[in-house]
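Trainee: Encoded as structure tokens, here's the structure I'll be asking about.
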2 protein chains.
Amino acid sequence: MKAEIITIGDEILTGQIVDTNSVWLAAEMNKAGFELVQITSIGDSKEQIISALDCAFSRAEAVLLTGGIGPTKDDITKQTLTEYFDTQLIFSDSVYQNILELFSARNLVMNELTKSQALVPASAVIFQNRAGTAPIMWFERGGKVAVSMPGVPYEMKNAMTADVLPRLKQQFNSQAIVHKNILVGGIPESQLALQIAEWEQALPPNIHLAYLPHYGIVQLRLSGISDDTLSLEFAINQRVAALTSILGKSIIAFENLPVEQILSRQLREAGKTLSVAESCTGGNIAHRITLLAGSSDIFKGGVIAYSNALKVNFLGVDFSDIENFGAVSRQVVEQMAQGVCLRTDSDYGIATSGIAGPSGGTPDKPVGTVWIAVCNRRTTLSKMFRFGNLREQNIERTTQMAFLMLKNFMETE
Amino acid sequence: MKAEIITIGDEILTGQIVDTNSVWLAAEMNKAGFELVQITSIGDSKEQIISALDCAFSRAEAVLLTGGIGPTKDDITKQTLTEYFDTQLIFSDSVYQNILELFSARNLVMNELTKSQALVPASAVIFQNRAGTAPIMWFERGGKVAVSMPGVPYEMKNAMTADVLPRLKQQFNSQAIVHKNILVGGIPESQLALQIAEWEQALPPNIHLAYLPHYGIVQLRLSGISDDTLSLEFAINQRVAALTSILGKSIIAFENLPVEQILSRQLREAGKTLSVAESCTGGNIAHRITLLAGSSDIFKGGVIAYSNALKVNFLGVDFSDIENFGAVSRQVVEQMAQGVCLRTDSDYGIATSGIAGPSGGTPDKPVGTVWIAVCNRRTTLSKMFRFGNLREQNIERTTQMAFLMLKNFMETE
């Protein structure tokens, strides 16, 4: 079954809010085996809603709409859908009771605007909103379906999970979709494409390959749609096996996860801890790790050694090495890694020192020059990189590369 | 001028990535005074690209496309646009030189796939990609414009800011657009709206007010469009002056800057330095500061004291205070701030300790409980906050509040 999403709201078109509903809905539809053809964002305008619906129905059997069903004047989705489906608004006592309960639970006083939320299109199937006042409306015509849901993300997610998705699955015979992700580390996208060209050529027409690059890592995704899940799974797994024998150790995971999550899992499984000594990455390595829930199991912390004094006093770097070789050098970055590992009593250390830019470059060490070191209690591995001129990108690339280096280091030590 | 955005990529329709390009482009177009009619996300399909372009051109004069111009087979935007605009691909030596420079700067080896990025549509105006290999293509037909940009956000943003937006303004803008931003700190949006309701009511019809909340800060943006720039500037400045007398010290800036940038400027002007001791923010405070170019002038670094051992050994926190009051307490966070300030020899210190979640909460200190301290060499100010249940938001809110607290502390010390 083909589906589309229409998100309604002026605030999306003015760039005031990120439309997070679409990506969540898209992922849910994808998992359920529905093929999403298009996502459309439009303003709170009757004309635009009608035109977007016409277009969507010309391509798809089901259209999910979010937004524009609040009680205020600028929300016109309900009125527009009522006209579009040639019906009229009637008062729903069950919706009214639902609103009353919600209001009494929150100690709110009902007013006329809120009461108008209990008006619903006569021909629509109504699902109660489990977390707000606007009811969910399911319209049908000629075997096609349009569902209007609230724009508030948790109200929408509640409705989608509890009512809308189960009914969509029941009504449309969904084909199975199978995805397999393969994360490849350390090979640029274009080089990877050449390396696997022959394998890619030989893919059957019902299996599609996508390249999704993320700073030093390329996510390869194989997707297929079929009535026969088992044989599709089998065919895709065969291709993945063939790919594995081509790429070998360059494959860092068979699922799509941020590399710090793969590394954290590896540390947790080994019962090991990590600390960081960050100069040019300025805390970003620690930030990325600590965004993960439960990271205190494997992460002790570390030092942001932005100034040379901190490199010496907090990490034990030899000041004469900073004078002789510069802060961006193998000698200094290795001492930083060893220092943080030892002084925090961690199993592993990561250190970075580089010239993130835009200033600070020299002919010898231009902007983008970065040293990364990873170590355990006995051994240190360090490497120099030449990234580009953009500060933010240099910080992100260094962070990503540091995670990759430690991951590989752990596997070969 | 009416505009539309088309984002291209199967990964958007499968919910694998959040389309952050759209919201950024929408905000930029809005600031430039262009009216965005629709945002459309489609897959890497020739048919869909052509149909979306036809629809967009039926409503708008300018269409911005992102994505689908990488070197691999699944990227078909360039080929499709070349056919759509009845032209053919030719080899561009200047694009090739740009790619060669990028590759030599990064020590990469050129291959045939990358070289194919230098093929460009003969009739398009080409802008060099300043951060990647795919060139930016500007097509025109019958006074309407389509611009194809990379899907990689920083490549797209670079191109949009440096080349595409200036040319759009030159080609389509006759009227002047004036924006004034006022950043208000520490007043929730709904309370702020009540406080300035009378002032807002009295705005003339050609001056529009937008509320843009960002974690503890509300950006108020006044915008006007007019043929007469001078009198519009004058009218807007008058309203800003009136607003200033209502809000007084709650206004933290008259331009839209991240709060860490305002704080960094304040530190630089005062010739002062800062260090941080981060527990629950896990490096994010340092990361946000060090994203700013030249931050080493005012930022020395600090300690990510995720484990209690680091709080004691690196910052001198009294271990018995951690035992008696817990790591998330006034006593501990104040010692962290003082410790990092003293031991790094900085003028100011910031410290955070809290329960970011999702686990780790207790009845006394539920998830979202956060202590923040700011200090100079003599005085320490600390405050407890109760944020929500979401880890990432708690980290962001704590970071933002810490910057605001130090900013206010510097002004009143």
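The values are calculated or read from the model by the stated rules, or taken from the named source; none is laboratory data. The structure displayed is predicted, hence computed values, not measured ones. Cβ atoms come from the backbone with ideal geometry, glycine included; neighbour counts cover every protein chain shown.
Trainee: Need the failing condition index for A:I39 against (1) touching a residue at least 12 places away in the same chain (Cβ under 8 Å); (2) in a loop (DSSP other than H, G, I, E, B); (3) touching a helix residue (DSSP H, G or I) at 6+ places or on another chain (Cβ under 9 Å), just the number.
Mentor: Single failed check for A:I39: (2).
Trainee: Say whether the condition of being over 30 Å from B:G70 (Cβ atoms), touching a helix residue (DSSP H, G or I) at 6+ places or on another chain (Cβ under 8 Å) and at pLDDT below 90 is met by at least one residue in the range B:161-176.
Mentor: Looking for residues that are over 30 Å from B:G70 (Cβ atoms), touching a helix residue (DSSP H, G or I) at 6+ places or on another chain (Cβ under 8 Å) and at pLDDT below 90, one finds at least one in the range B:161-176, hence yes.
Trainee: Please find, within the range A:275-308, the residue that is nearest to the chain's Cα centre (by Cα) out of those that are facing chain B (nearest Cβ under 7 Å) and closer than 17 Å to B:S346 by Cα.
Mentor: The extreme case among them is A:G282.
Trainee: Further, regarding this structure: Please enumerate the residues belonging to the range B:309-319 that are in contact (Cβ under 8 Å) with a residue 24 or more places away in the chain and facing chain A (nearest Cβ under 7 Å).
Mentor: Passing the criteria: only B:F314.
Trainee: Identify all residues within the range A:67-81 that are in a helix (DSSP H, G or I) and in contact (Cβ under 8 Å) with a residue 40 or more places away in the chain; write none if there are none.
Mentor: Matches in the range A:67-81: A:T77, A:K78, A:L81.
Trainee: With respect to A:F91, is the statement that it is among the aromatic types (F, W, Y) and in contact with a Ser or Thr (Cβ under 9 Å, 6 or more places away or on another chain) true?
Mentor: Taking the combined requirement at face value, the residue does not satisfy it.
Trainee: Is there a residue being in the same structural domain as B:L230 (by TED's automatic domain parsing), under 25 Å from B:L222 (Cα atoms) and assigned to a helix (DSSP H, G or I) anywhere in the range B:175-190?
Mentor: yes
Trainee: Given the conditions (1) more than 32 Å from the chain's Cα centre (by Cα); (2) on the phi < 0 side of the Ramachandran plot; (3) of a type in the set (D, E, K, R); (4) in a loop (DSSP other than H, G, I, E, B), and given that A:D345 satisfies all but one, which numbered condition is not satisfied?
Mentor: (2)
Trainee: Next up: Mind listing just one residue for me: the one in the range A:328-338 that is out of contact with any Asp or Glu (no Cβ under 8 Å at 6 or more places or on another chain) and surrounded by fewer than 24 Cβ atoms within 10 Å (Cβ to Cβ) and, of those, nearest to B:N313 (Cα to Cα)?
Mentor: So, considering only residues that are out of contact with any Asp or Glu (no Cβ under 8 Å at 6 or more places or on another chain) and surrounded by fewer than 24 Cβ atoms within 10 Å (Cβ to Cβ), the one nearest to B:N313 (Cα to Cα) is A:Q338.
Trainee: If A:E4 meets every condition in (1) modelled with pLDDT of 95 or more; (2) part of a loop (DSSP other than H, G, I, E, B); (3) acidic (D, E) apart from one, which number is that one?
Mentor: (2)
Trainee: Taking only pairs six or more apart or across chains, which ones have beta-carbon atoms under 7 Å, a first residue in the range A:179-197 that is facing chain B (nearest Cβ under 10 Å), and a second residue that is surrounded by fewer than 17 Cβ atoms within 10 Å (Cβ to Cβ) and among the aromatic types (F, W, Y)?
Mentor: Listed by first residue and then by second, the contacts come to A:N181/A:F254.
Trainee: Within the range B:11-25, identify whether any single residue is in a strand (DSSP E or B) and of a type outside the set (S, T, Y), and answer yes or no.
Mentor: So in the range B:11-25, the residues in a strand (DSSP E or B) come out as none.
No, every residue in the range B:11-25 fails to be in a strand (DSSP E or B) and of a type outside the set (S, T, Y).
Trainee: Turning to a different aspect of this structure: What are the pairs, 6+ residues apart or on separate chains, where a residue within the range B:204-215 that is in the same structural domain as B:E233 (by TED's automatic domain parsing) and buried (at least 16 other Cβ atoms within 10 Å of the Cβ) has its Cβ under 8 Å from a residue that is at pLDDT below 85 and not acidic (D, E)?
Mentor: Pairs that qualify, where the first residue is in the same structural domain as B:E233 (by TED's automatic domain parsing) and buried (at least 16 other Cβ atoms within 10 Å of the Cβ) and the partner is at pLDDT below 85 and not acidic (D, E), are B:L212/A:Q16.
Trainee: Residues in the range A:145-167 that are hydrophobic (A, V, I, L, M, F, W, C), part of a helix (DSSP H, G or I), without any contact (Cβ under 8 Å) to a residue 40 or more places away in the chain and surrounded by fewer than 23 Cβ atoms within 10 Å (Cβ to Cβ): how many?
Mentor: Filtering the range A:145-167 down to residues hydrophobic (A, V, I, L, M, F, W, C) leaves A:145-147, A:149, A:152, A:156, A:159-160, A:162, A:164-165.
Add one more test, that the residue is part of a helix (DSSP H, G or I), and what stays is A:156, A:159-160, A:162, A:164-165.
Those left that are additionally without any contact (Cβ under 8 Å) to a residue 40 or more places away in the chain: A:159, A:162.
Adding the requirement that they be surrounded by fewer than 23 Cβ atoms within 10 Å (Cβ to Cβ) leaves A:162.
Result for the range A:145-167: 1.
Trainee: Let me ask something else. Considering A:I76, A:I69, A:I17, which residue is more than 18 Å from B:A56 (Cβ to Cβ), out of contact with any strand residue (DSSP E or B) (no Cβ under 7 Å at 6 or more places or on another chain), hydrophobic (A, V, I, L, M, F, W, C) and away from chain B (no Cβ under 11 Å)? Working first, answer last.
Mentor: Details: A:I69 fails: out of contact with any strand residue (DSSP E or B) (no Cβ under 7 Å at 6 or more places or on another chain); A:I17 fails: away from chain B (no Cβ under 11 Å).
Exactly one residue qualifies, and that residue is A:I76.
Table: residues versus (1) over 33 Å from the mean Cα position of the chain (by Cα); (2) farther than 16 Å from A:T80 by Cα; (3) not small (G, A, S).
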site	(1), (2), (3)
A:I99	yes, yes, yes
A:A105	yes, yes, no
A:V109	yes, yes, yes
A:I136	no, no, yes
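Trainee: Another question, then. Which one of the conditions (1) more than 13 Å from chain B (Cβ to nearest Cβ); (2) buried (at least 22 other Cβ atoms within 10 Å of the Cβ); (3) in contact with a strand residue (DSSP E or B) (Cβ under 6 Å, 6 or more places away or on another chain) does A:T380 fail to meet, given that it meets all the rest?
Mentor: The failed condition is (2).
Trainee: Which numbered condition trips up A:D86, out of (1) in contact (Cβ under 8 Å) with a residue 40 or more places away in the chain; (2) of a type in the set (D, E, K, R); (3) at positive phi?
Mentor: Going through the list (1) in contact (Cβ under 8 Å) with a residue 40 or more places away in the chain; (2) of a type in the set (D, E, K, R); (3) at positive phi, A:D86 breaks only (1).
Trainee: Among all residue pairs at least 6 apart or on different chains, which show Cβ distances below 8 Å where the first residue, located in the range B:52-63, is farther than 11 Å from B:E140 by Cα and the second is among the small types (G, A, S)?
Mentor: From the range B:52-63, the pairs are B:L53/B:A146; B:F57/B:A146; B:A60/B:A3.
Trainee: Let me ask you something else. Among the residues of the range B:388-408, what is the count of those that are crowded, with 20+ Cβ neighbours inside 10 Å and either within 21 Å of A:I289 (Cα to Cα) or of a type in the set (V, I, T) (or both)?
Mentor: Here the count works out to 8.
Trainee: Residues A:A356, A:A327, A:A373: which one is part of a strand (DSSP E or B) and either closer than 26 Å to B:S104 by Cα or not hydrophobic (A, V, I, L, M, F, W, C) (or both)?
Mentor: Sole residue among the options that is part of a strand (DSSP E or B) and either closer than 26 Å to B:S104 by Cα or not hydrophobic (A, V, I, L, M, F, W, C) (or both): A:A373.
Trainee: Then there is this: So A:A202 clears everything in (1) within 14 Å of another protein chain (Cβ to nearest Cβ); (2) touching a Gly at 6+ places or on another chain (Cβ under 9 Å); (3) small (G, A, S) except one condition, right? Which one?
Mentor: All conditions are met except number (2).
Trainee: Looking at the range B:113-127, is at least one residue within 14 Å of chain A (Cβ to nearest Cβ) and either under 28 Å from the mean Cα position of the chain (by Cα) or within 28 Å of B:V23 (Cβ to Cβ) (or both)?
Mentor: yes
Trainee: Of everything in the range A:51-95, what is among the basic types (K, R) and within 13 Å of A:L119 (Cβ to Cβ)? Give them in sequence order. Walk me through how you get there before you give the answer.
Mentor: Just the residues of the range A:51-95 that are among the basic types (K, R), to begin with: A:59, A:73, A:78.
A:K78 - this is the single residue of the range A:51-95 that is among the basic types (K, R) and within 13 Å of A:L119 (Cβ to Cβ).
Trainee: Here is a check on your reading of the model: is A:L222 without any contact (Cβ under 8 Å) to a residue 60 or more places away in the chain and in contact with a Lys or Arg (Cβ under 6 Å, 6 or more places away or on another chain)? Working first, answer last.
Mentor: Numbers: without any contact (Cβ under 8 Å) to a residue 60 or more places away in the chain: yes; in contact with a Lys or Arg (Cβ under 6 Å, 6 or more places away or on another chain): yes.
Considered against the rule, which asks whether it is without any contact (Cβ under 8 Å) to a residue 60 or more places away in the chain and in contact with a Lys or Arg (Cβ under 6 Å, 6 or more places away or on another chain), A:L222 comes out as yes.
Trainee: Tell me, yes or no, whether the range B:53-66 has at least one residue that is more than 14 Å from B:M149 (Cα to Cα), part of a loop (DSSP other than H, G, I, E, B), within 29 Å of the chain's Cα centre (by Cα) and more than 10 Å from chain A (Cβ to nearest Cβ).
Mentor: Yes.
Trainee: Here is a further query. Any residue in the range A:36-44 that is farther than 20 Å from B:R59 by Cβ, touching a strand residue (DSSP E or B) at 6+ places or on another chain (Cβ under 7 Å) and crowded, with 21+ Cβ neighbours inside 10 Å?
Mentor: Yes, some residue in the range A:36-44 is farther than 20 Å from B:R59 by Cβ, touching a strand residue (DSSP E or B) at 6+ places or on another chain (Cβ under 7 Å) and crowded, with 21+ Cβ neighbours inside 10 Å.
Trainee: Residue by residue through the range A:29-52, note down the ones that are within 19 Å of the chain's Cα centre (by Cα) and more than 7 Å from chain B (Cβ to nearest Cβ).
Mentor: Answer for the range A:29-52, where residues must be within 19 Å of the chain's Cα centre (by Cα) and more than 7 Å from chain B (Cβ to nearest Cβ): A:M29, A:K31, A:A32.
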